[in-house]
Amino acid sequence: TWFTYGGAPVDAVDSGQGFTGLTVGELPVRVRTAKFDLALSIGEAGPCLAGSIQYAADVFDDTTIQRMTRHLGAILAEVAADPTRRIRELAMVTAEETEQVLRRWNATTAEIPPASVHGLASMQAARRPDTAAVVAGDDVVTYRDLDQRAEQLARYLRDQGIGPECVVGVRLPRGPELVVAMLGVLKAGGVYLPLDPDDPEQRQHFILSDAGAALVCTPQTLEAAAAASTQPVPIAAARADHAAYVIYTSGSAGVPKGVVTTHGALANSTAARTRRYERSPGTFLLLSPVAFDSSLAGLFWTLCTGGTLVTPAPRRELDPADIATDVNRYGVTHLLATPSLLAQLFDWCEGHPDHPLHTLRTIISAGEACPPELAHRCRSAVPAARLFNEYGPTEATVWASMAPADGTDGDRAPPIGTPIANTTMFVLDRSMTPVPVGVPGELHIGGAGLARGYTGRPELTAQRFVADPFGAPGSRLYRTGDRVRWRADGQLEFLGRLDDQLKVRAYRVEAAEVSSALNAHPEVDGSAVGVRPDPHGHPRLIAWFTAADPAAPPTATELSTHLATRLPAYMVPTAFVRMAALPLTDRGKIDSRALPDPDGARAEPAGTYVPPRTPTEHTVAGIWAELLGIDRVGIHDNFFTLGGHSLIANRVVARVRSTLGVDLAVAALFEAPTVAGLAVAVEDAGRDELVPPVVPVPRTG
């Protein structure tokens, strides 16, 4: 490709774009092999600048090179117009490209539903009262029952003084009661605040206090509401700008932060699903943790469209075999899960071709970067289903973009897609200027789905939610901290993070919060937290620390126990590396690239190492050692203390199944997390499988 700059005004060749004094075209050359991936040659040619670009065809395509040439022309034009401008003030993006990335690719305006999500769910109760709304095991709750129970709770909450902007904590496991509580809080006009019952009490108390919760809804609350007056209560007139829920995420300031989302944002997010997807859920399997907003996505999508929500029992959402069983038992059509869990589900499908998940039609991958091979595996394992890749932070009401993950991108990861209804997505540089197509920048999200901000944190809200320079007066953008770029086809491509925020098994983890909790240990002088791959390439959380007394440092077990009382399980590092000093950069910050790999520095067993005694214990210990990447495992060692988590637990169960021929549920490992305990469970399950079932035999004679 050659170009000239100077002389009479001409039009850019093959670009459809005019530039003063720039000519772009093809120049035949004798060189057939590029010496470099990209080479630019430029010099004076009479009154003009002339140059050529040579590129490796297996790295760049012609469209990309033409676009880069136009960017160079735009810079040269700005320099010629004002040579005093600084380099950072020069814009590569042409007027045509600016219009494309700001307007055409963000033309998402659509009608926002006037009704709230709880109002839409009540409408479904009037239309189909006897249809199953929520199913848990053999427990079936119809839309009529769900609406009546939610109204009972709403009346009880109103009697307790709950109304608009009043926060109600909900501490319930996944199940029909959780759905009743969520709808009841919203019907009363309150603000739903989910709590994970498994989180440390200290963290739950902090969240309740920080959010200013007026009360906590527990099983006892539901019982009191059911025993109270059963007079119907009208649906609270929640305005679009009233808060609907508060979700707490890991905080960079050392404590969790609450994201406040409005009724209008939630209604738009839910309606966008109906517009964007080919079909609404007939039956949705709810696998997401109850304290995360991803659980709201499928829940309201299902209830607002008259589908059936299936809520698996605790731990069943972690086991691919249990997931497959629920899909087949209830005729599940839709599910949302992380790519890691989906990969294990597809593994299970490949090993059990006699149990096809033939009812599945829509599978949504979310929470983590979607690997390129997942689409191919989905097509092979569940041919009737389509895989979609969703993207969206909590601050944008669950999701902001989506793309079909159909495997057409080859070895490239599927894109995160295009903006959903009433949502804008801009890729900007540090000066809030649009970057060219193909150039990385920070993703900024705007539109109807933005959260109100962070509860009680106006400074942090102002830092992350900024004025929208491209929108109407008063509109805002959320700075995601995600590094992305536009593709030539108008799809967004995720490239990673721009800050210290970590993702571990789809959970958002701020390194500062973990480090702050670790530094609170009296024997820790300083710490750093990061992510390193486990033996199977999956991310695991690592802590590096210096001891207050180098002669008597705390053990990894002591640190792990200390953190377990302050942080959720997914935020407790699986390895602790003691260092004489933490490496620093020239600016005095911790140099994360100089932190060493953990090399097996996991929490030690609480007592003396006891080797396996029986053949089953030897097999279980060997499986753990291999999957956890450690040298030896004693019979009293705790799987989770050694660095295990739900995804590795699935592999343990699969390995037990293939090695010992025993079908074990993942829940067994949570109930018996030691080698000795799991070995007993394996032997008991093996005996049960060998004993023939007792069946009634009719009497004769």
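The values are calculated or read from the model by the stated rules, or taken from the named source; none is laboratory data. This structure is a prediction, so every number in the text was calculated from the model and none was measured. Cβ: placed from backbone, ideal geometry, glycine included. Neighbour counts: every protein chain shown. Surface areas here come from the heavy atoms of the whole protein model, side chains and all, with no ligands, DNA or RNA. Shrake-Rupley method; radii C 1.70, N 1.55, O 1.52, S 1.80 Å.
List the pairs whose first member sits in the stretch 498-511 and is in contact (Cβ under 8 Å) with a residue 12 or more places away in the chain, whose second member is of a type in the set (Val, Ile, Thr) and not in a loop (DSSP other than H, G, I, E, B), and whose Cβ atoms are under 6 Å apart, counting only residues at least 6 apart or on separate chains?
LEU502/VAL509; LEU502/VAL531; ARG508/THR249; ALA511/VAL529
Would you mind finding the one in THR394, THR433, THR418, THR424 that is over 23 Å from ALA267 (Cα atoms), of a type in the set (S, T, N, Q) and in contact (Cβ under 8 Å) with a residue 24 or more places away in the chain? Steps first, please.
On the way: THR394 fails: over 23 Å from ALA267 (Cα atoms); THR418 fails: over 23 Å from ALA267 (Cα atoms); THR424 fails: over 23 Å from ALA267 (Cα atoms).
Matching residue, one of THR394, THR433, THR418, THR424: THR433.
Provide a single number: the residues in the stretch 299-324 that are without any contact (Cβ under 8 Å) to a residue 60 or more places away in the chain and either open to solvent by 30 Å² or more (accessible area, probe 1.4 Å) or not aliphatic (A, V, I, L, M) (or both).
Applying the first criterion (without any contact (Cβ under 8 Å) to a residue 60 or more places away in the chain) to the stretch 299-324 yields 301-302, 307, 323-324.
Checking which are either open to solvent by 30 Å² or more (accessible area, probe 1.4 Å) or not aliphatic (A, V, I, L, M) (or both) leaves us with 301-302, 307.
The total comes to 3.
All but one of (1) charged (D, E, K, R); (2) over 30 Å from ALA528 (Cβ atoms); (3) within 18 Å of the chain's Cα centre (by Cα); (4) surrounded by fewer than 21 Cβ atoms within 10 Å (Cβ to Cβ) hold for ASP196; state the number of the condition that does not hold.
Here ASP196 clears every test but (2).
Out of PRO612, PRO573, report the one residue that is closer than 29 Å to ALA321 by Cβ, at pLDDT 85 or above, open to solvent by less than 40 Å² (accessible area, probe 1.4 Å) and assigned to a loop (DSSP other than H, G, I, E, B).
Step by step, each of PRO612, PRO573 is checked, and only PRO612 is closer than 29 Å to ALA321 by Cβ, at pLDDT 85 or above, open to solvent by less than 40 Å² (accessible area, probe 1.4 Å) and assigned to a loop (DSSP other than H, G, I, E, B).
For residues that are of a type in the set (Asp, Glu) and open to solvent by less than 80 Å² (accessible area, probe 1.4 Å), scanning just the stretch 73-95, find the one that is nearest to ASN268 (Cα to Cα).
Among them, the one singled out is GLU78.
Looking only at residues that are open to solvent by 10 Å² or more (accessible area, probe 1.4 Å) and of a type in the set (A, V, I, L, M) in the stretch 438-458, which one is farthest from ILE207 (Cα to Cα)?
Checking each candidate, the answer is VAL439.
How many of the residues in the stretch 658-684 are part of a helix (DSSP H, G or I), of a type in the set (Gly, Ala, Ser) and over 18 Å from ARG315 (Cα atoms)? Let's see the steps before the verdict.
The first filter runs over the stretch 658-684 and keeps only residues part of a helix (DSSP H, G or I), leaving 658-660, 666-671, 675-684.
Those still in the list that are of a type in the set (Gly, Ala, Ser) too: 658, 667-668, 676-677, 679, 681.
Retained after the next criterion (residues that are over 18 Å from ARG315 (Cα atoms)): 658, 676, 679.
Number satisfying all stated conditions: 3.
Being within 17 Å of TRP301 (Cβ to Cβ), of a type outside the set (Lys, Arg) and open to solvent by 20 Å² or more (accessible area, probe 1.4 Å) is the filter here, so list the residues in the stretch 381-397 that pass it.
Residues satisfying the conditions are TYR391, GLY392.
Which count do you get for residues in the stretch 120-148 that are open to solvent by 40 Å² or more (accessible area, probe 1.4 Å) and touching a strand residue (DSSP E or B) at 6+ places or on another chain (Cβ under 8 Å)?
Total satisfying the criteria: 4.
From the set of residues in the stretch 96-119 that are touching a helix residue (DSSP H, G or I) at 6+ places or on another chain (Cβ under 7 Å) and β-branched (Val, Ile, Thr), which is most open to solvent (accessible area, probe 1.4 Å)?
ILE112
Among the numbered conditions (1) in a helix (DSSP H, G or I); (2) open to solvent by less than 20 Å² (accessible area, probe 1.4 Å); (3) over 13 Å from SER116 (Cα atoms), tell me where ARG275 comes up short.
The failed condition is (2).
What about PRO281, is it open to solvent by 20 Å² or more (accessible area, probe 1.4 Å) and farther than 28 Å from VAL662 by Cα?
Considered against the rule, which asks whether it is open to solvent by 20 Å² or more (accessible area, probe 1.4 Å) and farther than 28 Å from VAL662 by Cα, PRO281 comes out as no.
Out of (1) closer than 30 Å to ARG566 by Cα; (2) touching a strand residue (DSSP E or B) at 6+ places or on another chain (Cβ under 6 Å), what's the single condition that is false for THR218?
(2)
Restrict the check to the stretch 174-185 and report whether at least one residue is open to solvent by 10 Å² or more (accessible area, probe 1.4 Å), small (Gly, Ala, Ser) and more than 12 Å from ALA154 (Cβ to Cβ).
No.
Against the conditions (1) outside any strand (DSSP E or B); (2) open to solvent by less than 20 Å² (accessible area, probe 1.4 Å); (3) not charged (D, E, K, R), where does GLY537 fall short? Just the number, please.
Every listed condition holds for GLY537 apart from (2).
Output the number of residues of the stretch 486-502 satisfying the condition of being surrounded by 18 or more Cβ atoms within 10 Å (Cβ to Cβ) and under 18 Å from THR423 (Cβ atoms).
4
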